[in-house]
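Taking it in order: structure first as structure tokens, then the write-up.
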Amino acid sequence: MFVYPAIDLIDQKCVRLSKGVYTEKSVYDDDPVNMAKKLVSEGAKRLHIIDLDAAIKSSDCNYKIIEEIRKAVDVPMQVGGGIRSIQRARELIEIGIERIIVSTAVVTNPDFFDELMSKYSDNTAVSVDTREETVLIRGWVKETDLNIYDFSEELYNKGLKTIIYTDTERDGMLRGPNFEILDKLNKKLDLNLIAAGGVTTVEDLNKLAEMNLYGAIIGKALYENQISMKDIKAFQERIKDE
């Protein structure tokens, strides 16, 4: 199982939100490039980067930062936030981003998603964000009439290979992921499932690994010292040898 330390960007700073609320942010570092280098030096094998300005305000202010991170560290990276066009997807893939993450546009612009699948199915993940079992879009503020299981199966049938599942009520709350939904999704669909939202402890990682998940994203727990890169590195080494 892959562990992805998260770097969320607002105004070219490394931040974390609680339940995705843009106005309730904590700034953890003024230099995301140095943060990425620090995480990798301490054992991060992959990185998860979200451009919150692009997602919420359609701003390009963090794009250069993402480029600089890509140049500064030699690990696979997945990047999301405001990717609404094939051109932006192509730009990120061409600078060496392993996987781009899309969300709202999958619902609002199905033709865009179909084109992504035809051109970049190996390089695309969909972030499926829910409150209970209802899919949310537009920065988690708009409910859809989509059920997580039916929606995820539809994406899978269109060729999607990776889903990032977030229980938005747990994101940034440091109380564990939604194991029940993750387990159901993982058993229902033969794809790469990444847990996000609430992953806090080594025990959480152990349980997700036992469920045979593809990956887990850790954000606030890392910055609030609920788990350390030393813990994550030891976990990665242990499961590699199992």
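A few remarks follow.
- Taking the C-alpha atoms of region 1-107, convex hull volume expressed per residue in Å³: 109 Å³
- Taking all protein chains into account, the per residue accessible area for region 56-192 stands at 47 Å² (1.4 Å probe).
- Multiplying the residue separation of Arg90 and Lys184 by 0.36 nm and removing their Cα-Cα distance gives an extension gain of 30.6 nm.
- Global form of region 176-242, assessed from the alpha-carbon gyration tensor, a/c cut-off 1.5: oblate
- The slack between Asp145 and Asp60, meaning 0.36 nm per residue of separation minus the straight C-alpha distance, is 27.5 nm.
- With the simple spin-label model, which puts each label point 7 Å out from Cα in the Cβ direction, the Glu210 to Ser121 separation comes to 3.5 nm.
- Computed over the chain, the convex hull of the alpha-carbon atoms projects to a mean area of 11.4 nm².
- With the alpha-carbon atoms of region 95-153 aligned to their principal axes, the span from lowest to highest coordinate is 35, 19, 18 Å, starting with the largest.
- Under 15 Å from the Ser26 label point (7 Å along Cα→beta-carbon), backbone N, region 208-241: 218-228
- Among beta bridges that DSSP assigns inside the chain, antiparallel share in %, nearest 5: 30 percent
- Overall form of region 137-208: oblate. Here a/c, set by the Cα gyration tensor axes a ≥ b ≥ c, is 1.5 or more, and a/b is not larger than b/c.
- Annotation for region 39-79: GluC sites (Glu not before Pro) lying in DSSP loop with at most 15 further Cβ atoms inside 10 Å of their Cβ are Glu42.
- Look at the alpha carbon pairs under 8 Å that are at least 6 residues apart: their mean separation over the length of the chain gives a relative contact order of 19 percent.
- Ellipsoid equivalent to region 93-237 - semi-axes via the Cα gyration tensor, in Å: 25, 17, 15
- Entries in Lys188/Lys240; Lys45/Lys240; Lys13/Lys161; Lys38/Lys230 that, when Cα-Cα distance is taken, lie over 21 Å: Lys188/Lys240; Lys13/Lys161
The values are calculated or read from the model by the stated rules, or taken from the named source; none is laboratory data. Remember, it's a predicted structure, so these values are computed and weren't measured experimentally. Note that we place each Cβ from the backbone using ideal geometry, even for glycine, and neighbour counts take in every protein chain shown. Note: accessible area is taken over every heavy atom of the protein model, side chains too, but ligands, DNA and RNA are not part of it. Shrake-Rupley method; radii C 1.70, N 1.55, O 1.52, S 1.80 Å.
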